[in-house]
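What follows is a set of notes on a single structure, which appears directly below.
The values are calculated or read from the model by the stated rules, or taken from the named source; none is laboratory data. This is a predicted model, so every value here is computed, not measured. Using ideal geometry, Cβ is built from the backbone for each residue, glycine included, and neighbour counts are taken over all protein chains shown. Areas reflect the complete protein model, heavy atoms only, side chains present, ligands, DNA and RNA absent. Shrake-Rupley method; radii C 1.70, N 1.55, O 1.52, S 1.80 Å.
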Amino acid sequence: MDLQILLNEIAAEMPTAPDRGTVARYIPEFDCVDPARFAIALALPGGECLTAGDADEAFWLQSISKFFTLAIALGRLGDRLWTRVGREPSGLAFNSILQLESEAGIPRNPFVNAGALVVIDAILTASTPRAVLAEILSFIRSAVGEEDIHINKSVAASEQNTAHRNMALAAFMAAYGNMNNAAALTIGTYVHQCAVEMSCRQLALSGRFLTGMAGAPRLISTARVRRINALMMTCGHYDGSGEFAYRVGLPGKSGVGGGILAVAPGRASIAVWSPGLNAQGNSQLGTLAIERLARATGWSVFG
Ligand code: GLU
């Protein structure tokens with residue numbers, strides 16, 4: 001199968017889809033995001049990267065950044081991290097506070113906001129926001145193999161100004177003794193991590209370390225790669241994770257910026273970007289596009 005032709009076909013088909021979803025609007029920076037944008041990119045063994053659509057246009061990682069910080073935290077703390085955050089799907093929205101009270105301030109998984117805050121809090125201990133952000137950027141740049149990846153300061157500032165819900169999650173967990181640093185430091189670091197911007201092509205390159213394929217950067221052990229992929233499969237799309245697993249059959253992580261990173265172990269790292277979101281906060285056309293790709297290639301972790 002000619003994968004470039006397939007990507008071109010997908011990029012040509014997507015604009016005809018009846019429902020593009022709705023662009024996030026919780027910070028003013030999203031007002032400038034064109035809902036008609038679409039990109040798809042495929043990083044393959046040996047370093048080749050195929051793209052179609054607006055694959056060199058930058059967008060904000062938002063929650064996609066959570067798999068990078070999880071990799072860093074596991075490297076730093078190992079399995080001790082799991083005393084503070086669980087590994088179960090939440091079945092609730094990404095920013096829900098509901099389970100925290102009945103589950104004594106332990107978030108369900110590292111990909112819901114509460115869990116991502118615990119992960120950042122864990123990395124922050126014995127460090128500073130500046131050093132942690134430098135470490136996150138350096139990890140991401142190594143994963144991509146390019147230096148030109150930055151934090152969008154204006155997005156980070158807007159996120160900070162509207163972080164009431166994340167502040168509430170941090171305060172609630174602090175009440176249960178599950179936050180070591182001042183909430184302002186943890187949230188400040190978290191909003192900057194979410195504001196990392198890169199292109200769809202760079203996102204595809206960044207996921208190679210989770211594929212185990214030839215030529216991919218080896219940033220973490222194979223055992224940890226498997227565990228992060230398992231969590232992306234079960235929790236990477238919030239309360240849409242079961243649907244993504246059913247339709248696509250690959251581990252993936254979404255962000256409200258409209259990006260999705262999906263991993264086809266041994267075969268490819270796949271990135272899509274389309275800013276319109278579905279009801280669960282995952283890219284509407286992005287999901288459709290990866291589903292189409294997975295069906296055409298037969299790539300699935302389920303055989
Ligand atoms: N910055 C967003 C938040 O924390 C990220 C959410 C997401 O991408 O799902 O609320």
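With protein chains left intact and a 1.4 Å probe, residues in the range 57-160 average 39 Å² of accessible area per residue.
Between L98, L74, L219, the Gaussian network model of the chain with springs among Cα atoms under 10 angstrom shows the greatest mean-square fluctuation at L98. Think of a 1.4 Å ball rolled over the protein heavy atoms: the range 223-268 then has 31 Å² of accessible area per residue. Helix 113-124 versus the longest principal axis of the chain: what angle, 0 to 90°, nearest 10, using Cα atoms? The two axes meet at around 70 degrees.
For the range 136-169, GluC sites (Glu not before Pro) are listed when DSSP marks them as loop and at most 16 other Cβ atoms sit within 10 Å of their Cβ; the list is E146, E147. Going by accessible surface with a 1.4 Å probe and the largest first, D121, D56 read D56, D121. These residues, H150, H237, H164, H192, go from largest to smallest accessible area, 1.4 Å probe, as H164, H150, H192, H237.
Calculated FRET efficiency, E147 and A214, Cβ-Cβ r, R0 25 Å, to nearest 0.05?
Numbers: r = 24 Å, r/R0 = 0.94.
E between E147 and A214, to the nearest 0.05, is 0.60.
Where is the GNM fluctuation largest for the chain (alpha-carbon springs, 10 angstrom cutoff): A262, A184, A204? Greatest mean-square fluctuation among the candidates belongs to A184. Taken along the Cα-to-beta-carbon direction at a fixed 7 Å, the label points for S138 and A12 span 4.6 nm. In the chain, helices alone account for a calculated mean residue ellipticity at 222 nm of -13000 deg cm²/dmol, with every DSSP H run of four or more residues adding -39,500 (n - 2.57).
Carbon-plus-sulfur fraction of the accessible area of the chain, 1.4 Å probe, in percent? List each step's numbers first, then the result.
On the way: 6270 of 11830 Å².
The value for the chain is 53 percent carbon and sulfur by accessible area.
V112 contributes an accessible area of around 10 Å² to the protein surface, as traced by a 1.4 Å probe with all chains present.
GNM on the chain, alpha-carbon springs under 10 angstrom: the most fluctuating residue among L277, L137, L185 is L185.
Sparsely packed loop sites in the range 270-303 (the chymotrypsin sites (Phe, Trp or Tyr not before Pro) outside DSSP H, G, I, E and B with at most 14 other Cβ atoms within 10 Å) comprise F302. With all protein chains in place and ligands, DNA and RNA left out, the 1.4 Å accessible area ranks R224, R76, R25 as R25, R76, R224, largest first.
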